[in-house]
Amino acid sequence: MYLRDFQFVLRKHHFELYRRAREIWEPIELQVKGAIPKRFRFGGVGKIVLELGHEKKKRAEYRERLGVGLYHFEDFDVHAFLTIPHPAAIAQIIEITEKSGRDLCARFSTAADWLFDLLDEARKQPNQALYRMAAPPRLSATRDSRKGRHW
């Protein structure tokens, strides 16, 4: 299976906190998604999800469910994250992504230099990380040749 997706989530599902945190980490998330090479095999999963925050029951740091790799990063406090200045918050997300990526690369014995190059560039210019990646364009449900056809 080829890796095609990457996502941050909060371990505790609180919509308002997630929405506010996502505004900060979404540019990095989109950059990583957009930089995943075609046909890149990464531990046999199609998606990597970084779960951020504490959880009541201790689970394995990495687990796999239905082709999704779930990596739990416990050393994250969303309340503290939302109070620090924006550039520091971006730097923290870059650091979390790098630590998680290096650990997963070691687990899977796979090189992901594209990821670390991207994170180094984002670290050097944190303000550019906010504006470089736009949301991917929506694909049309029908081809142009079928527009105007009625059944």
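Every read-out reported here was derived from the displayed coordinates using simple, explicitly stated rules and does not represent laboratory data. All figures in this text were calculated on a predicted structure; none of them were measured in a lab. Reconstructed Cβ throughout: ideal geometry from the backbone, glycine too, with neighbour counts over all protein chains shown.
Listed by chain and number, the lysines placed with their C-alpha closer than 18 angstrom to that of residue 58 are 12; residues fewer than eight positions away on the same chain are left out.
So which aspartates and glutamates pass the test for residue 47, namely a Cα distance under 13 Å, with those fewer than 8 places away in the same chain ruled out? The reachable aspartates and glutamates, counting only those whose Cα sits under 13 Å from residue 47, are 5, 29, 64. Evaluate E = 1/(1 + (r/R0)^6) for residue 86 and residue 62, where r is the Cβ-Cβ distance and R0 equals 25 Å; express this FRET efficiency to the nearest 0.05. Calculated transfer efficiency: 0.25. Just add up the charged neighbours of residue 21: K/R +1, D/E -1, any other residue whose Cβ is under 14 Å from the Cβ of residue 21. Neighbour charge sum, excluding residue 21 itself: -1.
Under 16 Å of direct C-alpha separation, and excluding same-chain neighbours fewer than eight residues apart, residue 56 reaches these aspartates and glutamates: 74, 75, 77.
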